Each structure stands twice: as structure tokens, then as C-alpha cells.
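Here is the structure we will look at.
Nothing in this text is a laboratory measurement; each read-out follows from the coordinates by a stated rule. Since we're looking at a predicted model, the values are computed, not measured. Cβ: placed from backbone, ideal geometry, glycine included. Neighbour counts: every protein chain shown.
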Amino acid sequence: MSLSDNALILGKFAGHFGVKGWIKVVSYTRPVDEIFQYSTLWVKVSPPGREWKEVKVEQTRSQDGSRNRRLVMKLQGIDSREQAESLINCEIAVDDSQLASLPAGEYYWKQLIGLRMSNLQGENFGVIDHILETGANDVLVVNDNETKRERLVPWIDDVVLEVDLELMKIVVDWDSEF
């Protein structure tokens, strides 16, 4: 089996943890320990080729520290500090077929990037380029290549009115001057 073009990057390995092959994890998931729900991961191994390698997760741990929460994981076949060190800075991914189905009205960020945005008046805002996490709410960053304008549109129920993944569009109640 190989990783499809629809891979979703979940995080990266940050450093070894101890001498028995445990490795620190930087998770991009929310909540951060959501990365632990996968028993099989894909790791982008160091050169040559920067290939994806499938790995099995043996154990996971979440440790609450005084400043932050540390995530560590033990992978099958990684049994020493040296082996764990070889994975530092390697990306961690899953195939999108491994993702859980979401309830209606909820979306993975990956699904929203690339959607064309317009407002209720039919004014074209451009395409969602990326999404910012601000704490209060997520913000859609929309780029219009024709006007070279970038808009920041909050992901709020009163603003985001329609998301159509099949038609690759999103309709918002947002003034074009913002």
C-alpha cells in the first residue's frame, strides 16, 4: 500500500524521548492528542527520495508539564535512541481514507482550501488559500488573483452561510469592502 495524493499532514517528530525508541510528537490536530487515534501512520523519511513509509504505532503517551503538554509515541521497529533520532523533523501523515466522517456542517480544513468564495450579492472574493487559527474563531484567508487582494473572513455561523464541496464554492454574508 502507498500513500495517496490526498494525504493529510498531522504533525512531525520533534526529538527522541529516552533511550528505548520513544519519540516526541508535534501535533497539528485539534485537540492535539487526536493524532493518537491512528494506529497506522505514514512518515516522510529523510533522503534519499523523501519517500513515505508506513509505520505502526505501538504505544502513545501524553504528559502534562508545567508549561505545555508533551506527546510521545513508540513506533514498531524503532527501539533505540539512534533510530528515533533518524525520524526527527520527519512529517507524519494519514491517508484521507483513514479520516473519520464528520457530522453535517463540519469540515476538515483540507476540504475548504481551494473553494471559491462569493458573498450574497454574488461578488467573487477569490479562492480560500489557507486558514488561520486565532483562538476565538478560525479565519479563512481568501486570495483574489485578478485584483491581487487578500481578504480575511471569519468562520462564524452568521457569516458562512453555504458550503458546497461538490461545486467547490462557499457563500458568505460579508461586505466586499472588508
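Simple spin-label model, 7 Å along Cα-to-Cβ: residue 129 to residue 58 in nm?
A separation of 4.4 nm, rounded to one decimal place.
If each DSSP helix of 4+ residues adds -39,500 (n - 2.57) and the sum is divided by the residues in the chain, what number results at 222 nm, nearest 500 deg cm²/dmol?
-1000 deg cm²/dmol
Strictly over 26 Å apart at the Cα level, which of 53/74; 24/53; 56/169; 24/56; 12/169; 148/169 would you flag in this model?
From 53/74; 24/53; 56/169; 24/56; 12/169; 148/169, over 26 Å: 56/169; 12/169.
Can you list the GluC sites (Glu not before Pro) in the range 19-118 that are in a DSSP coil and have 15 or fewer other beta carbons within 10 angstrom?
Passing sites in the range 19-118 are 51, 106.
Please express the Cα-Cα pair-distance distribution P(r) of the range 7-97 as a list of whole percents, one per 10 Å bin, running from 0 to the bin with the greatest distance.
18, 55, 25, 2
Would you please classify the overall shape of the range 109-172 from the alpha carbon gyration tensor, given that a ≥ b ≥ c denote the square roots of the eigenvalues, rounded means a/c under 1.5, and beyond that prolate means a/b larger than b/c while oblate covers the rest?
Taking the square roots of the gyration eigenvalues as a ≥ b ≥ c, the range 109-172 is rounded.
Can you divide the C-alpha Rg of the range 36-156 by 2.2 N^0.38 Å and report the result to two decimal places? Walk me through the numbers before you get to the answer.
Numbers: Rg = 19.5 Å, N = 121, 2.2 N^0.38 = 13.6 Å.
Against the empirical 2.2 N^0.38 Å value, I get 1.43 for the range 36-156.
Select from the range 106-170 those trypsin sites (Lys or Arg not before Pro) which occupy a DSSP coil region and have at most 14 other Cβ atoms within 10 Å, ordered by residue number. All intermediate terms of the calculation are to be shown ahead of the outcome.
Working: sites: 110, 116, 148, 149, 151, 169; in loops: 148.
Passing both the DSSP loop test and the Cβ count: 148.
Relative contact order for the chain: what is it in percent, counting Cα pairs under 8 Å that are at least 6 residues apart?
About 19 percent, as a whole number.
Using DSSP to call loops (not H, G, I, E or B), can you name the GluC sites (Glu not before Pro) in the range 117-178 whose Cβ has at most 16 other Cβ atoms within 10 angstrom?
Details: sites: 123, 133, 146, 150, 162, 166, 177; in loops: 123, 146, 166, 177.
Loop-located and lightly packed - 123, 146, 166, 177.
Long-range amide H contacts for residue 90: which residues qualify at under 5 Å (H placed 1.01 Å from N, peptide plane, sequence gap of 5 or more or a different chain)?
For residue 90, the qualifying residues are 13.
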